[in-house]
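The values are calculated or read from the model by the stated rules, or taken from the named source; none is laboratory data. For clarity, every value in this text was computed on a predicted model and none was experimentally measured. Note that each Cβ is placed from the backbone with ideal geometry, even for glycine, and that neighbours are counted across all protein chains shown. Just so you know, the surface numbers come from the protein's heavy atoms only, side chains and all, with ligands and any DNA or RNA stripped out. Shrake-Rupley method; radii C 1.70, N 1.55, O 1.52, S 1.80 Å.
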Amino acid sequence: MAAGFRFRDFVPDDSPEKGFESLFKIFMQLVTITSGDVGEALSWLNELDKQYGLTDNDYGMGNFIEDLKKKGYIDENEQERGAFKITPKTEQGIRKSALEEIFGKLKKGNSGNHRTPQTGQGDELSTDLREFRFGDAVDQISMTESIRNAQLNHGLTDEFMLAEGDLEVRETEHKTQTSTVLMIDISHSMILYGEDRITPAKKVAMALAELVKQKYPKDFLDVIVFGNDAWPITIKDLPYLEVGPYHTNTVAGLELALDLLRKRKTPNKQIFMITDGKPTCLKEGNGYYKNSFGLDRKVVNKTLNLAAAARRLKVPITTFMIASDPYLQQFVEEFTQVNQGKAYYSGLKGLGHLVFEDYKKNRRKTL
């Protein structure tokens with residue numbers, strides 16, 4: 001009987017994938033949305049199981065919870081009997097999941113630093129070629145181009161000749177460290193009108209933190225949040241970040257960001273600010289000056305003054321505005337012009353890609 005192939009129509013399997021891995025992917029998303037609340041995440045997962053049949057008789061939700069404990073993803077909460085909390089292993093897993101979701105699967109390279117336009121005796125080979133100069137390293141010599149030059153300059157003879165004038169070297173680029181402060185707005189408007197804006201902002205922060213750790217380990221990343229006040233948080237705190245009943249004190253956030261950057265001894269410094277609203281609050285003595293109606297000139301002027309101060313310190317501010325209100329965009333444009341920074345008006349879906357691309361492209365000409 002002759003060998004051959006038999007073709008038939010492809011019928012996709014519409015049944016959902018079952019088992020630990022499939023449930024774990026959903027759980028990691030839910031525990032991010034619930035700000036680390038394991039009980040609420042599992043409750044939502046149970047509801048999804050009822051609706052979509054995520055488990056079966058071979059592997060149930062009880063098996064999944066036991067596996068989460070055995071694998072070290074959740075632990076008993078000592079503060080509340082019968083409740084669970086996520087572990088440091090899960091916190092790291094959430095950051096890696098955010099990195100893959102937002103930035104794609106990035107290959108880990110050498111010590112990640114940002115290239116500058118300055119060339120010469122640098123750290124990383126570029127695509128540019130130049131003539132050999134005294135002091136150039138031998139491993140910089142491009143042998144293919146140099147041999148070709150020798151053949152063109154001396155002709156094809158029985159004895160091959162390679163002179164100093166034939167040598168070409170591949171240019172190198174200097175690399176430098178960057179200090180970044182990521183500001184996240186946690187005012188009430190970040191969950192207003194039924195739209196969850198804090199979860200995407202939180203995912204971007206976790207992905208950026210994991211990116212810096214993996215690809216640019218010599219860089220510094222500080223994360224701060226701002227509502228009525230501003231305060232720094234650790235990378236470990238990010239999964240638990242929640243919106244509060246706050247106004248938007250952008251001034252406090254910028255003041256704290258600039259204070260943190262002054263302590264960094266790196267040549268390149270920058271601020272990324274993720275917000276969805278206008279500044280509405282100032283700290284005055286032991287109280288607050290608040291005005292949510294329109295753009296208050298008193299609040300705006302102080303915000304613009306700090307934008308100018310950052311420019312004098314050569315600290316560019318990149319604003320990621322998660323809003324499409326033309327009135328707010330006008331303020332952001334004025335703020336950006338004063339700072340000579342950049343602004344993006346982004347939907348939630350494209351936010352992570354914008355942050356990533358801007359982080360990579362920000363190669364300041366300070367050396």
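Taken over the range 76-86, the residue count meeting the criterion of being polar (S, T, N, Q) and surrounded by 12 or more Cβ atoms within 10 Å (Cβ to Cβ) is 1. For SER111, are the conditions met, namely being open to solvent by less than 40 Å² (accessible area, probe 1.4 Å) and modelled with pLDDT under 95? The answer is no for SER111. In the set (1) touching a His at 6+ places or on another chain (Cβ under 8 Å); (2) open to solvent by 10 Å² or more (accessible area, probe 1.4 Å), the condition left unmet by ASN291 is number (1).
Which one of TYR59, TYR73, TYR52 is open to solvent by 70 Å² or more (accessible area, probe 1.4 Å) and of a type in the set (Ser, Thr, Tyr)? Walk me through it before giving the result.
Working: TYR59 fails: open to solvent by 70 Å² or more (accessible area, probe 1.4 Å); TYR73 fails: open to solvent by 70 Å² or more (accessible area, probe 1.4 Å).
Every option except TYR52 fails the conditions.
Counting only strands (runs of 3 or more DSSP E) that sit wholly inside the range 271-362, those with at least 2 residues that are at pLDDT below 90 are 317-321, 342-345.
How many residues does the range 231-246 contain that are farther than 20 Å from LEU192 by Cβ, hydrophobic (A, V, I, L, M, F, W, C) and crowded, with 20+ Cβ neighbours inside 10 Å? Show your work before the answer.
Going through the range 231-246, the residues farther than 20 Å from LEU192 by Cβ turn out to be 231-240.
Filter once more, so that each one left must be hydrophobic (A, V, I, L, M, F, W, C): 231, 233, 235, 238.
In the following step, the residues that additionally are crowded, with 20+ Cβ neighbours inside 10 Å were identified as 238.
Adding up the residues that qualify gives 1.
Figure legend. Inter-residue proximity from the range 129-149: first residues open to solvent by 100 Å² or more (accessible area, probe 1.4 Å), second residues not in a helix (DSSP H, G or I), beta-carbon distance below 8 Å, spacing 6+ or different chains. Indicated pairs: GLU131/LEU167; GLU131/GLU168; GLU131/VAL169; ARG133/VAL169.
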